[in-house]
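*Asks:* The structure under discussion is supplied below as structure tokens; questions concerning it will follow.
The values are calculated or read from the model by the stated rules, or taken from the named source; none is laboratory data. Predicted, not measured: the structure shown is a model, and the values here were computed from it. FYI the Cβ positions are ideal-geometry reconstructions off the backbone, even for glycines, and counts take in every protein chain you see. Note: areas computed on protein heavy atoms with side chains; ligands, DNA, RNA excluded. Shrake-Rupley method; radii C 1.70, N 1.55, O 1.52, S 1.80 Å.
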Amino acid sequence: SAKYVHHMILFECSEEAAAANNLTHQQVIYNCERMLMGCQTSKWPWAVGGEDLILPDDVGIPVGNGARFYALQVHYYNPTLDTGVRDSSGVRMTLSPALRTHDAETFGIAGGVDPRQREALAPGQSHLVIDSAVVPAACTQWNVDEINVLGVMHHAHLVGKRLKVEVTRNGEYIGEMRREKVYDFNHQSLEGSAVKKLKKGDELTLTCSYDTSSKTSETKFGDFTQDEMCLAYFLHYPAQTPRRAIFLRANGKQRVTLCPQDTLGAGPAEFGLTGSPQQLLSLATFSEAPELNPPSCTPRGKVRSEAAIELMRSMGLDIPSYMSNARLTGTLGTRCAAFVALISWYF
């Protein structure tokens, strides 16, 4: 049944939600396109291609804290309507007998998960870039000076092409947390962040692009696999609020972003949009998209140097031991060039 599983998200439910919905152990909620109000705090996201999550020894994801119920949302993709399929997918949590030093938490950037956020994508475009989603400085006013980033996960659907999250600080470009030049729907894993620490007041920019060249009709944003999304999560510690930023609209360089505190919630789903546009805008933050000026790539060193050879050996490349810097030939240079191009393509 693995090929039918689209994603799983473990949500924490408040006591108020448990009481209002009479939640019971092992209860099945069949209408799970939109999670129950109050069951919106993501503790663990997984999508196709995701791997096991193992935290540092002094870091843990807090459970409990007054919450008694957790809901696992599982979405399936069965376009051919196959029958008789049974699934036992789930998550196994290992609990520590003693609290760890740091609490970890996920932060989600919803750049487009609902048709009310984004216009549908036009068909027949090989590289269609939508307006960036910005987490403004007003939404990163944490109660600590900096947080540690453990990993970043991107999420789009079948026509997703490239995704990246970039960091700016007081107008200065800091770098990319993660960039996927070739997004693969079948491999959506939590990967390490190039920016290891985020500081209070940093701005984050999520950019998504799509390849709709195979489409003959528009692709709207939404939950279904044939729809599209522009979404990123990052896991960090210590835990902070808010836990999510929701793109509402773009007007030129202006960005309108909702960063709900836990007391406000985010609607019936973790990134749901409820209420009238006027209500949402009254809670939103207006900001300007930061200038993104990454430094140009400047070649340094020589690929034929002894240091380069040692580096390639440390990465597992088969470099014959008898080959010294003086004896390198054009053949090795060609291999190295191919290797460098490959690294550039994936990173």
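*Asks:* Mind listing the phi-derived Karplus ³J(HN,Hα) values for the range 96-101, rounded to whole Hz, using 6.51, -1.76 and 1.60 with θ = phi - 60°, and x for any glycine or proline?
*Replies:* In residue order, the calculated couplings are 8, x, 10, 4, 8, 5 Hz.
*Asks:* So, one more: Using 7 Å Cα-to-Cβ label points, what is the residue 185/residue 16 separation (nm, one decimal)?
*Replies:* 3.8 nm
*Asks:* Here is a further query. With a 1.4 Å probe and every protein chain left in place, work out the accessible area per residue of the range 130-270 in Å², rounded to a whole number.
*Replies:* 39 Å²
*Asks:* Also, I was wondering about something else. Would you check the accessible area of residue 249, probe 1.4 Å, heavy atoms only, in square angstrom rounded to 10?
*Replies:* Using a 1.4 Å probe on the heavy atoms, I get roughly 120 Å².
*Asks:* Shifting gears a bit: With a 1.4 Å probe and all protein chains kept in place, how do 207, 94 rank by accessible area, largest first?
*Replies:* Accessible-area ranking of 207, 94, largest first: 94, 207.
*Asks:* Return the carbon/sulfur percentage of the accessible area of the chain, one whole number, probe 1.4 Å, all protein chains in place.
*Replies:* Looking at the chain in its full context, I get 52 percent from C and S.
*Asks:* Right, another one. Heavy atoms only, 1.4 Å probe, whole protein assembly: order 72, 311, 204 by accessible area, highest first.
*Replies:* Highest to lowest solvent-accessible surface, that is 311, 72, 204.
*Asks:* Pull out the extension gain between residue 318 and residue 296, defined as 0.36 nm times the separation in residues minus the alpha carbon to alpha carbon distance; nm, one decimal.
*Replies:* Using 0.36 nm per residue and subtracting the Cα-Cα distance, I get 4.9 nm.
*Asks:* What is the helix-to-structure angle for 330-346, meaning the angle in degrees between its Cα long axis and the longest Cα principal axis of the chain, kept from 0 to 90 and rounded to the nearest 10?
*Replies:* It works out to around 10 degrees.
*Asks:* On to the next question. Based on DSSP loop calls and a cut-off of at most 16 other Cβ atoms within 10 Å, the longest stretch of the chain free of exposed GluC sites (Glu not before Pro) is what?
*Replies:* In the chain, the maximal stretch lacking such sites is 120-217.
*Asks:* Hey, what's the range 8-112 come to in accessible area per residue, 1.4 Å probe, Å²?
*Replies:* 63 Å²
*Asks:* What's the center-to-center distance, using Cα atoms, between the range 69-115 and the range 140-198 in Å?
*Replies:* The range 69-115 and the range 140-198 have Cα centres separated by 20 Å.
*Asks:* Further question: Treating the beta-carbon of each Lys and Arg as +1 and of each Asp and Glu as -1, no other charges, what is the dipole magnitude of the chain about its Cα centre, to the nearest 20 debye?
*Replies:* Dipole about the Cα centre, nearest 20: 820 debye.
*Asks:* Could I ask something else about it? With labels modelled as points extended 7 Å from the Cα through the Cβ direction, what inter-label distance (nm, one decimal) is found for residue 2 paired with residue 99?
*Replies:* Taking the simple label geometry, residue 2 and residue 99 are separated by 3.8 nm.
*Asks:* Now for a different question. Picking from 46, 4, 188, whose Cα lies most toward the positive end of the charge dipole for the chain (charges on Cβ: Lys, Arg +1; Asp, Glu -1)?
*Replies:* Comparing the listed Cα positions along the dipole, 188 ranks first.
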